[in-house]
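Novice: Let me begin by handing over the structure; questions about it come next.
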């Protein structure tokens, strides 16, 4: 199936580590041309080196997607560089976990803006070209936290429930233009995401729980994304909900 990805142009946000980094590598291995976006330029350059070893010449886009105009810019830059954008993987995000009563609303606002609004902005920017060509695929990375809300994750769950709802509404708006939308909802993944947690007790509890499980690896999620985008044009994998075997909730 990977022949369907060959020479397709993919933009991956949050590509400096974790799921985004693994997805860029997996898509490049499948033959896609890739644009990689994130704040940390040195990490992107290191990833670019690995992509070149796979025979790809990536477009490196250093950007802070908290600015919705940056989300729009990276789409425009990708289209200008490669001539079009076929696959948009909205992966950038943060996770702040803490009780509602102790929430830092400034941080939660930034989380909602990055996890939801920037994803909406980049998706909106990609639609014009995809609609014109009647071809395109938008993949949004959500979480099991967008399916099941747990204590101390109210703000994060609000953002990921938002991603799931947005993805389905968008799918129903654009399917007649032959644009596909997929949402990936992984459970516990071994990434840097838990480092964002500022509440000491919550972080300790989450890390102890994580250490007790065989966690998903970023490559596991990347393979699910490649599976979605390598389907024939008449197949749209709408959702993939995936957990470690050991994860109950």
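Novice: Which whole-number percent of Cα pairs in the stretch 1-125 have a distance greater than 20 Å?
Specialist: Percentage above 20 Å: 42.
Novice: Another question about this same structure. So, by mean Cβ neighbours within 10 angstrom, what's the order for 226-235, 62-71 with the highest one leading?
Specialist: Values: 226-235: 15.5, 62-71: 18.3.
Descending packing order for the listed peptides: 62-71, 226-235.
Novice: Principal axis lengths of the stretch 14-77 from Cα atoms, whole Å, largest first?
Specialist: 31, 21, 17
Novice: Also: Roughly how many nanometres apart are two label points built 7 Å out from the Cα toward the Cβ at residue 148 and residue 210?
Specialist: It works out to 1.8 nm between the two label points.
Novice: Okay, next question. By what distance, in whole Å, do the Cα atoms of the stretch 181-249 stretch along each of the three principal axes, largest value first?
Specialist: 48, 23, 19
Novice: Tell me, in nm to one decimal, what length is gained between residue 231 and residue 195 on full extension, where the rule is 0.36 nm per residue of separation less the Cα-Cα distance? Numbers along the way, then the final one.
Specialist: Values: separation 36, 0.36 × 36 = 12.96 nm, distance 3.45 nm.
Additional length available on full extension: 9.5 nm.
Novice: Could I ask something else about it? So if we plug the beta-carbon distance of residue 6 and residue 76 into 1/(1 + (r/R0)^6) with R0 = 25 Å, what FRET efficiency do we get, rounded to 0.05? Don't jump to the answer; show the numbers that get you there.
Specialist: On the way: r = 24 Å, r/R0 = 0.97.
Working from the Cβ atoms, E equals 0.55.
Novice: Take each of the peptides 162-174, 89-101, average the number of other beta-carbon atoms within 10 Å over its residues, and list them starting from the highest.
Specialist: With the highest mean Cβ count within 10 Å placed first, the list reads 89-101, 162-174.
Novice: Let me ask something additional. Can you give me the orientation-averaged projected area of the convex hull built on the Cα atoms of the stretch 146-225, in nm²?
Specialist: 6.2 nm²
Novice: Oh, and also: Taking the stretch 94-220 as the region of interest, what is the percent of Cα-Cα pairs per 5 angstrom bin, listed from the shortest bin to the one with the maximum distance?
Specialist: 2, 10, 18, 21, 17, 13, 9, 6, 3, 1, 0
Novice: Calculate the tail of P(r) for the chain: the fraction of all Cα-Cα distances greater than 35 Å, expressed in %. Present the calculation step by step, with values, prior to reporting the outcome.
Specialist: On the way: 3001 of 30876 pairs.
Percentage above 35 Å: 10.
Novice: Can you tell me the FRET efficiency between residue 57 and residue 102 if r is taken as the Cβ-Cβ distance and R0 is 51 Å, rounded to the nearest 0.05?
Specialist: After rounding, the FRET efficiency stands at 0.60.
Values in this text are rule-based calculations from the coordinates and carry no lab data. All values derive from a computational prediction rather than experimental measurement. Reconstructed Cβ throughout: ideal geometry from the backbone, glycine too, with neighbour counts over all protein chains shown.
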